[in-house]
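Sharing a structure with you now.
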Amino acid sequence: MSLTVAFTLNGGPVSVAVEEPERLLDTLRYRLGLTGTKEGCGEGECGACTVYLDGLPVNSCLVPTYQVRGARVETIEALDPDQLGPFLEQGATQCGACTPGVVMTALWISAHSELLETHTVRELMAGNLCRCTGYDGIVDAVATTIGEVGEGGTGKRESTAG
Amino acid sequence: MKVLLAERVPEALGLLAGDGAAIPVAGGTDLLVHWPVRVEAHDRTYVDLSRLEDLKPPRWSDRELVLGGLTTYWDVIRDERIGREFPLLVRAARQVGAIQIQARGTWAGNIVNASPAADGVPVLMAYDAVVVLESWRGREEVPLDRFYTGYKEMRRRADQLVVAIRFPRRPYSYQVFEKVGSRRAQAIAKVGLAVTRSDAGWRVVAASMAPTIRRCPAIERLLEVPTPLRAPDDLLPAIASDVAPIDDLRSTAEYRRRVMARVLYDDLRGPCGWR
């Protein structure tokens with residue numbers, strides 16, 4: 001144990017002693033007890049470990065904890081459960097393994113709807129893999145949170161996210 | 001494992017000079033893949049660059065655009081001015097992983113990771129990028145198309161840091177970036193191509209077609225001296241002279257050559273007046 005990292009976590013200050021090689025994902029789960037953030041692939045592919053780092057979604061499996069010193073980190077635990085309504089209504093969750101990461105990215109899109117001038121919801125959600133829902137429900141849930149008609153399951157369907 | 005935390009550029013250069021084998025860490029996206037099981041990597045010394053604010057923003061002058069050593073893909077995607085003048089940078093950045101990778105991955109990291117399948121390097125090379133290397137001994141500039149000397153080998157000494165990437169500002173009359181992968185998102189290129197045309201001439205850059213990303217001089221010559229072509233296969237001799245693809249887990253050499261010929265032909269038949 002040879003490194004102390006101080007940062008802002010879900011709005012409050014934390015200071016935690018970590019091993020040098022530690023990933024942010026492991027610091028959050030095993031030192032700070034925030035097990036809402038999941039590990040899927042461990043190679044930055046699936047997005048299950050998505051957290052916000054200084055306001056942007058990142059894969060916490062690819063962030064060395066020493067890099068968040070002085071930074072602002074937000075995890076799924078910081079979100080208001082009421083924001084989950086559209087995900088439940090649209091069938092955007094099933095087994096739940098990907099859901100924390102999906103919700104983090106989806107609500108980030110909702111909070112930055114100006115991105116939809118240049119990007120589709122599908123492009124912005126491409127870093128979150130879900131093996132259950134087929135994505136249409138997820139895309140519709142995002143559309144619902146920003147008050148727009150979905151580009152997913154309702155009406156026209158794009159052929160594939162990939 | 002030892003982590004050296006640099007807060008300023010000179011400090012980082014001093015740390016790299018003091019430990020001849022230290023590895024600079026920018027966004028970490030290449031370094032941390034499967035990190036827990038890559039125990040051999042845990043014995044190394046790392047210099048963390050993430051607090052070097054001076055290296056983050058892109059800068060403009062009358063004559064050039066300069067990306068910082070820590071400029072990320074997302075920084076470029078959100079920069080409307082870069083999108084107007086260097087649209088291929090934005091197009092390529094949007095094909096790198098997804099937002100979670102784009103937010104962390106850096107252009108300089110893409111250069112020094114030296115993957116033959118990199119998405120960022122082809123467009124940098126097609127815009128005549130120059131790599132600015134700095135060490136405690138001074139500054140050196142290497143044109144990106146002369147930076148790689150072999151597979152994962154490059155003209156960067158262990159004590160040098162990529163502090164900037166410079167591009168001349170020029171009007172481009174033609175520019176295109178193509179990435180062929182197994183799927184549209186989150187894929188690694190089977191074939192990547194960046195093509196530009198300006199007063200400086202044609203630039204044709206291929207990815208996943210050789211041990212390094214490289215320019216294709218035979219194809220560039222064929223474009224400079226208008227040559228009437230009748231079919232994609234007419235490009236194969238020039239392709240054979242420019243690149244040397246291999247069979248690997250993502251594709252075959254034969255498929256890569258044919259895809260490169262077809263994609264180039266389709267893109268260039270209009271601007272070159274081929275049938």
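The values are calculated or read from the model by the stated rules, or taken from the named source; none is laboratory data. Remember, predicted model here, so these are calculated numbers, not experimental data. Positions of Cβ are backbone-derived with ideal geometry, glycine not excepted, and every protein chain shown enters the neighbour counts.
I need the full set of residues from the range B:225-252 which are modelled with pLDDT of 95 or more and of a type in the set (Asp, Glu), in order please.
Result: B:233, B:234, B:242.
Can you tell me which residue within the range B:5-29, out of those that are surrounded by fewer than 19 Cβ atoms within 10 Å (Cβ to Cβ) and touching a helix residue (DSSP H, G or I) at 6+ places or on another chain (Cβ under 7 Å), is farthest from the other protein chains (Cβ to nearest Cβ)? Step through it out loud before you land on a result.
First, the residues of the range B:5-29 that are surrounded by fewer than 19 Cβ atoms within 10 Å (Cβ to Cβ): B:5, B:7-11, B:14, B:17-21, B:23.
Next cut, touching a helix residue (DSSP H, G or I) at 6+ places or on another chain (Cβ under 7 Å) only: B:5, B:9.
Details: B:5: 7, B:9: 17 Å.
Applying the filter and picking the extreme gives B:9.
Give the residue that is nearest to the chain's Cα centre (by Cα), with candidates limited to residues of the range B:84-104 that are more than 9 Å from chain A (Cβ to nearest Cβ) and touching a residue at least 40 places away in the same chain (Cβ under 8 Å).
B:92
Cβ contacts < 7 Å: first residue more than 16 Å from residue B:45 (Cα to Cα) and β-branched (Val, Ile, Thr), restricted to the range A:1-27; second residue assigned to a loop (DSSP other than H, G, I, E, B) and at pLDDT 95 or above, any location; separation 6+ or different chain. Result?
Sorted first by the residue in the range A:1-27, then by its partner, the pairs are A:5/A:69; A:14/A:32; A:16/A:32.
With (1) at pLDDT 95 or above; (2) over 17 Å from the mean Cα position of the chain (by Cα); (3) farther than 29 Å from residue B:19 by Cβ as the list, and residue B:159 as the residue in question, which single condition is left unmet?
(3)
Tell me yes or no: at least one residue of the range A:15-35 is closer than 16 Å to residue A:97 by Cβ, more than 9 Å from chain B (Cβ to nearest Cβ), surrounded by fewer than 18 Cβ atoms within 10 Å (Cβ to Cβ) and modelled with pLDDT of 95 or more.
Yes, because at least one residue in the range A:15-35 is closer than 16 Å to residue A:97 by Cβ, more than 9 Å from chain B (Cβ to nearest Cβ), surrounded by fewer than 18 Cβ atoms within 10 Å (Cβ to Cβ) and modelled with pLDDT of 95 or more.
Can you confirm whether residue B:63 is touching a Pro at 6+ places or on another chain (Cβ under 8 Å), among the basic types (Lys, Arg) and either under 22 Å from residue B:141 (Cβ atoms) or away from chain A (no Cβ under 14 Å) (or both)?
yes
Might you let me know whether the range B:213-224 holds any residue that is crowded, with 19+ Cβ neighbours inside 10 Å and within 30 Å of residue A:125 (Cα to Cα)?
yes
Listed here are the residues, each with its yes/no results for (1) touching a residue at least 60 places away in the same chain (Cβ under 8 Å); (2) more than 9 Å from chain B (Cβ to nearest Cβ).
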| site | (1), (2) |
| --- | --- |
| A:48 | yes, yes |
| A:51 | no, yes |
| A:72 | yes, yes |
| A:87 | no, yes |
| A:90 | yes, yes |
| A:97 | no, yes |
| A:104 | no, yes |
| A:118 | no, no |
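Also, quick follow-up: Can you confirm whether residue A:153 is in a loop (DSSP other than H, G, I, E, B), modelled with pLDDT under 90 and more than 17 Å from residue A:46 (Cα to Cα)?
Considered against the rule, which asks whether it is in a loop (DSSP other than H, G, I, E, B), modelled with pLDDT under 90 and more than 17 Å from residue A:46 (Cα to Cα), residue A:153 comes out as yes.
Which of the residues that make up the range A:28-45 are without any contact (Cβ under 8 Å) to a residue 60 or more places away in the chain, hydroxyl-bearing (Ser, Thr, Tyr) and part of a loop (DSSP other than H, G, I, E, B)?
Scanning the range A:28-45 gives a single hit, A:35.
Identify, by number, the condition in (1) in contact with a Cys (Cβ under 8 Å, 6 or more places away or on another chain); (2) β-branched (Val, Ile, Thr); (3) surrounded by fewer than 17 Cβ atoms within 10 Å (Cβ to Cβ) that residue B:205 doesn't meet.
Status for residue B:205: all satisfied but (3).
Hey, residue A:148 hits all of (1) modelled with pLDDT of 90 or more; (2) assigned to a loop (DSSP other than H, G, I, E, B) but one; which does it fall short on?
Failing condition for residue A:148: (1).
Being surrounded by 13 or more Cβ atoms within 10 Å (Cβ to Cβ) and either within 18 Å of residue B:214 (Cα to Cα) or in contact with a helix residue (DSSP H, G or I) (Cβ under 7 Å, 6 or more places away or on another chain) (or both) is the filter here, so list the residues in the range B:245-257 that pass it.
Within the range B:245-257, the first condition is being surrounded by 13 or more Cβ atoms within 10 Å (Cβ to Cβ), and the residues that meet it are B:245-246, B:248, B:250-253, B:255-257.
The answer is B:245, B:246, B:253, B:256, B:257.
State the number of residues belonging to the range B:231-252 that are assigned to a helix (DSSP H, G or I) and more than 21 Å from the chain's Cα centre (by Cα).
Selection size over the range B:231-252: 9.
Could you check the range B:158-202 and list, in sequence order, the residues that are within 14 Å of another protein chain (Cβ to nearest Cβ) and surrounded by fewer than 20 Cβ atoms within 10 Å (Cβ to Cβ)?
Across the range B:158-202, the qualifying residues are B:180, B:182, B:183, B:184, B:185, B:187, B:188.
Only one of B:145, B:128 is away from every other protein chain (no Cβ under 14 Å), surrounded by fewer than 21 Cβ atoms within 10 Å (Cβ to Cβ) and assigned to a helix (DSSP H, G or I). Can you tell me which? Talk me through it step by step, then tell me what you get.
Numbers: B:128 fails: assigned to a helix (DSSP H, G or I).
Exactly one residue qualifies, and that residue is B:145.
Now for a separate question. Find all pairs meeting these conditions: Cβ atoms under 8 angstrom apart; at least six residues apart or on different chains; first residue within the range B:57-71 and within 19 Å of residue B:134 (Cα to Cα); second residue in a loop (DSSP other than H, G, I, E, B) and aliphatic (A, V, I, L, M).
B:69/B:26; B:69/B:49; B:69/B:52; B:70/B:26; B:70/B:49; B:70/B:52
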